[in-house]
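Report on the structure given below.
The values are calculated or read from the model by the stated rules, or taken from the named source; none is laboratory data. Model, not experiment: these values are computed from the prediction. Every residue, glycine as well, gets a Cβ built from its backbone with ideal geometry; the counts of neighbours run over all protein chains shown. Accessible surface areas use protein heavy atoms only, side chains included; no ligands, DNA or RNA. Shrake-Rupley method; radii C 1.70, N 1.55, O 1.52, S 1.80 Å.
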Amino acid sequence: MRSLTEKEKRLTLMLLVAVFLAINLFGLTFLSRKRKALEADLFRLRTEQLEAKNWLGEKDLWLERKKWLDDNQPRLKNGGEANANLLETVQSSAQHQKITIVEQGFMEPANKTHYRQVGVKLKVNGTLEDITRWLANLQQPAKFQAVTTLSLKSDADPSRMKCELQVVRWYAPESAP
C-alpha cells in the first residue's frame, strides 16, 4: 500500500472536517430542539405549580363549599319520582310567571362520579321579560337546578318568544355521606 500524497492528505483532512462539522450541526440542532422542549415543560410545570398554590390558598373556601354541598344537596331516592318532582316544580314556576308550556318530556337520568342528575326538556312561550324572570328563578343555588341548554327565538308576535330548554337537577352521588 502506498502512502498518501500531500494533496490526498489535505482532501482527507477537509473531508474529516466536513463530516465533523455536519455531525456537530446535527447535534446542535437536536440539542436546540431538546432545549426548547425542556423550556416548554419547565414553563408548563411552573404554571401548574402556581395554579396548585392558588388552589391551596383557597383550600378553606372549597372545604366550606364542600361542607355546604354535603349538608344541603338532596339525595336521590327514586329517579322516576325525582323526574316527576322536577317537572312539577318547573310547571308551577312557569305558570306563576305566565309562561305557557307547549311541549315537555323527560331526559335520561345520569349517574356521574360526583353527582346524579335528572332533567326535563321543555318548549315554552312567553314574553322575554317573563322568560328571563322564570329562568333566573329556576337557577337558584339552593335548588341544585340549572338550565343546561337554551334556544330563544322570536315568535310571530314580536312581544312573545319561543324557548327550548333543558332543566336539570343535581343530587348527591350514591357514595356521599
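Placing dummy labels 7 Å off each Cα toward the beta-carbon, the span from TRP68 to PHE43 is 3.7 nm.
The HN-Hα couplings worked out from phi for region 127-132 by the Karplus form 6.51 cos²θ - 1.76 cosθ + 1.60 (θ = phi - 60°) are 6, 4, 5, 5, 5, 4 Hz, whole numbers, x standing for Gly and Pro. Relative to the Cα centre, the charge distribution of the chain, modelled as +1 at Lys and Arg Cβ and -1 at Asp and Glu Cβ, gives a dipole magnitude of about 1060 debye. For the chain, DSSP calls about 100 percent of its internal beta bridges antiparallel.
Computed extension gain for THR127 through PHE26, at 0.36 nm per residue and net of the alpha carbon distance, reaches 29.4 nm.
Each of LEU45, LEU15, THR148 was scored by the projection of its Cα onto the charge dipole of the chain, and the greatest displacement toward the positive side belongs to LEU15; charges sit on the C-beta of Lys, Arg, Asp and Glu.
Computed over every Cα-Cα pair of the chain and binned at 5 Å starting from 0, the pair-distance distribution P(r) comes out as 1, 7, 10, 11, 9, 8, 7, 6, 6, 5, 4, 4, 3, 3, 3, 3, 3, 3, 2, 2, 1, 0 percent. Using C-alpha pairs under 8 Å with a sequence gap of at least 6, the mean separation divided by the residue count of region 60-177 gives a relative contact order of 29 percent. As an exercise, use a Förster radius of 41 Å and the Cβ-Cβ distance of LEU56 and ASP157 to find the FRET efficiency, rounded to the nearest 0.05. About 0.15, to the nearest 0.05. If you roll a 1.4 angstrom probe over the protein chains with everything in place, what fraction of the accessible area of the chain belongs to carbon and sulfur, to the nearest %? Exposed carbon and sulfur together represent 59 percent of the surface. Normalised per residue, the accessible area of the chain is 76 Å², obtained with a 1.4 Å probe and no contribution from ligands, DNA or RNA.
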